[in-house]
Amino acid sequence: MAQNILITGGSRGIGAAAVQAFAQNGDNVAFVWHSSQAAAEKVLRSAAQAAPTGRFLALRADVADSQEIGEAVRDAEETLGHIDVLVCNAGIAQQKLFTDLTDEDWRRVMSVDLDGAFYSCRAVLPGMIRRKYGRILLVSSMWGQTGASCEVHYSAAKAGVIGLTKALAKEEAPSGITVNCVAPGVIDTDMMSAFSAEDRAALAEETPVGRLGSAGEVARTLVFLASPDAGYITGQVIGLNGGLVI
């Protein structure tokens, strides 16, 4: 049975792969994009081609703005009827020495990566609670588990996502809502565009399985966690890191 999915950060990387994977699964998908309308339209066309009978919607919003994400959720609910699954994927990263971080650097990463997840969850939960069903999936990072040098603000935000996952899972389980988190390792997306071929090869060599991960692998894990088969899984952090973090 088709579910109605809302994905934040759906115009590129893991988010775009998730839109495609849920479309191929037979689900209806609304996704939030922020900066590139052309990329969003491309994802929309790809989803429609994958599932011509599905319903797909691209919504522009800044997840760091509670009013904008609230309006996006309302638009998705009006179009699709309700939201069964929320995927909090929107995120930004920055590499910088801790002593060079500005207030603006810290606040921007926190506002997108952590506040955005909070605003998104808060917006969809009333409908899920009324229906006594829901799946909330959050995208963290292995750096949220272990911390990364020169990415202290990113690591802190992603660690916060893990804490949010665990606490919210306990609170919402009696309402039939599961909350889980995926923590990707080195995934081959456009966020790695600044890395040289040598850097990418070195990262692959450091990974026990000997390669980088793909956005599709993360997306397919999200599809499983959103399925009825995953109803007994909640409050968990699923590592997709090729063995870098065990």
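The values are calculated or read from the model by the stated rules, or taken from the named source; none is laboratory data. What you are looking at is a predicted structure, and each value in this text was computed from that prediction instead of being measured. Cβ: placed from backbone, ideal geometry, glycine included. Neighbour counts: every protein chain shown. Each accessible area value is taken on the protein alone, full model and side chains, heavy atoms only, with ligands, DNA and RNA left out. Shrake-Rupley method; radii C 1.70, N 1.55, O 1.52, S 1.80 Å.
Structural remarks
- Checking each residue in segment 93-119 for being charged (D, E, K, R) and surrounded by fewer than 24 Cβ atoms within 10 Å (Cβ to Cβ) picks out 96, 100, 103, 104, 105, 107, 108, 115.
- Test: residue in segment 197-204 that is among the acidic types (Asp, Glu), at pLDDT below 95 and under 20 Å from residue 10 (Cα atoms): no
- Among (1) without any contact (Cβ under 8 Å) to a residue 60 or more places away in the chain; (2) under 20 Å from the mean Cα position of the chain (by Cα); (3) over 21 Å from residue 129 (Cβ atoms) - the single one residue 66 does not satisfy: (3)
- Lone qualifier among 90, 76 - being surrounded by 15 or more Cβ atoms within 10 Å (Cβ to Cβ), part of a helix (DSSP H, G or I) and at pLDDT 95 or above: 76
- Selection within segment 24-37 - more than 22 Å from residue 70 (Cβ to Cβ) and surrounded by 22 or more Cβ atoms within 10 Å (Cβ to Cβ): 27
- Any hit, segment 44-62, residues being among the hydrophobic types (A, V, I, L, M, F, W, C), out of contact with any strand residue (DSSP E or B) (no Cβ under 6 Å at 6 or more places or on another chain) and part of a loop (DSSP other than H, G, I, E, B): yes
- Taken over segment 126-171, residues that are free of Cβ contacts under 8 Å to residues at least 40 places away in the same chain and in a loop (DSSP other than H, G, I, E, B) amount to 3.
- Of the residues making up segment 167-183, those that are under 15 Å from residue 225 (Cβ atoms), under 19 Å from the mean Cα position of the chain (by Cα) and open to solvent by 20 Å² or more (accessible area, probe 1.4 Å) number 1.
- Segment 184-212, residues that are crowded, with 17+ Cβ neighbours inside 10 Å and among the charged types (D, E, K, R): 188
- Selection count where residues are open to solvent by 30 Å² or more (accessible area, probe 1.4 Å), hydrophobic (A, V, I, L, M, F, W, C) and touching a residue at least 24 places away in the same chain (Cβ under 8 Å), scope segment 213-246: 6
Residue-by-condition table, conditions (1) of a type in the set (A, V, I, L, M); (2) closer than 24 Å to residue 213 by Cβ; (3) crowded, with 23+ Cβ neighbours inside 10 Å:
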position	(1), (2), (3)
7	yes, yes, yes
39	yes, yes, no
44	yes, no, no
47	yes, yes, yes
57	yes, no, no
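- Residues that are under 13 Å from residue 140 (Cα atoms) and either of a type outside the set (Val, Ile, Thr) or assigned to a loop (DSSP other than H, G, I, E, B) (or both), drawn from segment 93-114: 93, 110, 113, 114
- Lone unmet requirement of (1) farther than 23 Å from residue 242 by Cβ; (2) polar (S, T, N, Q); (3) in contact (Cβ under 8 Å) with a residue 12 or more places away in the chain for residue 102: (3)
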